[in-house]
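Every read-out reported here was derived from the displayed coordinates using simple, explicitly stated rules and does not represent laboratory data. Nothing here was measured: the structure is a model prediction, and the numbers come from that model. Methodologically, a virtual Cβ is constructed for each residue, glycine included, from the backbone with ideal geometry; neighbour enumeration extends over all protein chains shown.
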Amino acid sequence: MADTEERPILTVDVVLFTVRGGRLQVALQRRDRTPFKRRLALIGGYVHVDEDVDTASTAKRVLREKAGLSGIFLEQLMTFSGARRDPRGWSASVAYYALVPETALAPVLEQDMVITPVEEVASLPFDHETIVAEGVKRLQSKGAYSSLPAFLLPPEFTMPQLREIYETVMRTSLNDSAFRRKIEELQLIEPVSGAFSKASARPAQLYRLRRAVLQEFDRKL
């Protein structure tokens, strides 16, 4: 007897965040196939069971093939599923969010992507607007008690740049001296010996994360 049971569509979607012009933004790409052909959507693709060992591998492959990116911060967000989210049938998407510094955006822009402020995201197909909104919520909540926002910066950065990236992600103003004190207490960063920023007339010390992995704090910044 032939198997007539409908099989769900399984995909991965990636909310690729960056900060540009002092605003949190997300990368969108025009779809090259139906449904919703030519509509802007999140970077995504099907799970390839013959080469992807898990959905994280799918997300990394999709970022590499469609955005030219590798080696950036990537974490699973949540799963979105249902019978009505995709006109082709019952589907599930395992969503991830990724962070890329503005200085590393060149491969993305070469792929003819659109970088859009998160508050201006609209009219996306499927449930991609909901996925973006959930990604923003995760970034903001987790950024308040971890080193997560720092992954939106290049490997070396100044203290003002670090504070500004936290302010952008958390959508709040932070007292400069209090922020510096907390960062020093947490031992989150270390100075890069002999390295200074040349972005202004007064050179500023460059820092880097002590550990190039996500670190969570025992209290909010």
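Compute the relative contact order of the range 101-221 as a whole-number percentage, counting only Cα pairs closer than 8 Å that sit 6 or more residues apart in sequence.
Rounded, it is 27 percent for the range 101-221.
Which order results if His128, His48 are arranged by neighbouring Cβ count within 10 Å, fewest first?
Ordered from fewest to most neighbouring Cβ atoms within 10 Å, His128, His48 come out as His48, His128.
What distance in nm separates the simple spin-label points at Ala122 and Ala83, each placed 7 Å from Cα in the Cβ direction?
Label at Ala122, label at Ala83, 3.2 nm between them.
How big is the dipole moment of the chain about its Cα centre under a simple scheme where the beta carbon of each Lys and Arg is +1, that of each Asp and Glu is -1, and everything else is neutral? Debye, nearest 20, please.
Rounded to the nearest 20 debye, it is 640 debye.
Using θ = phi - 60° and the Karplus curve 6.51 cos²θ - 1.76 cosθ + 1.60, what whole-Hz ³J(HN,Hα) does each residue of the range 79-88 get, with Gly and Pro shown as x?
So the Karplus estimates, Gly and Pro as x, are 9, 10, 8, x, 7, 10, 6, 9, x, 7 Hz.
Could you grab the relative contact order for the chain? Cα pairs under 8 Å, six or more apart, rounded to a whole percent. Don't skip to the answer; put the middle values down first.
Values: 358 pairs, mean separation 43.8, N = 221.
Relative contact order for the chain comes out at 20 percent.
With unit charges on the beta carbon (Lys/Arg positive, Asp/Glu negative), name the residue among Phe151, Val192, Thr103 whose Cα is farthest towards the positive pole of the charge dipole of the range 71-192.
Of Phe151, Val192, Thr103, it is Phe151.
Among [x] 36, 17, 16; [y] 40, 19, 15; [z] 36, 20, 12, which is the computed semi-axes √(5λ) of the Cα gyration tensor in Å?
[x]
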